[in-house]
Amino acid sequence: MAKTTRDLSGTIMVGGEAFDWWLDREPQWCNTGWQGMAIGVRHSEGKREALMQFPVPKGVAAGSSQLRRQQVNDAIVKNCIEAALAAGWEPLSRGRPEVFEVDSQGR
């Protein structure tokens, strides 16, 4: 069994509240072009999800064949959650997942 070198999910405290997060998508090619990494977030007691979409890494659009994995750490996830909350995401409400575009640092 291979050892994972990075976390693909976890729980983080933001503003005294617990949020569960997971890596939803690695950067990938689709029929409309390149899509960046995406992180899913849900309040531990809520049902509504937020999907944080990151930009395509530099060099990918230029045709680089060496696609490196983007790093995910607690600071980036925390920035994503704070940005979504500031943009009006209500994690304890019901409804479809909301999609947010963030920069490479999750802001």
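What do you get for Rg/Rh of the range 9-101 when both radii come from the Cα atoms and Rh is the Kirkwood radius?
1.01
How do Phe100, Phe19 rank when sorted from fewest to most other Cβ atoms within 10 Å of their own Cβ?
Ascending Cβ contact count within 10 Å gives the list Phe100, Phe19.
Determine, for Arg107, Arg42, the number of other Cβ atoms within 10 Å of each Cβ, and report the residues in order from fewest to most.
Neighbour counts put them in this order, fewest first: Arg107, Arg42.
May I ask you to sort Thr11, Thr32 by Cβ crowding, counting other Cβ atoms within 10 Å and putting the fewest first?
Starting with the residue having the fewest Cβ neighbours, the order is Thr32, Thr11.
Since every read-out is calculated from the coordinates, none of them should be taken as a lab result. Not measured: the values here are computed from a predicted model. Don't worry about glycine lacking a Cβ; one is built from the backbone with ideal geometry, like all the others, and counts go over all protein chains shown.
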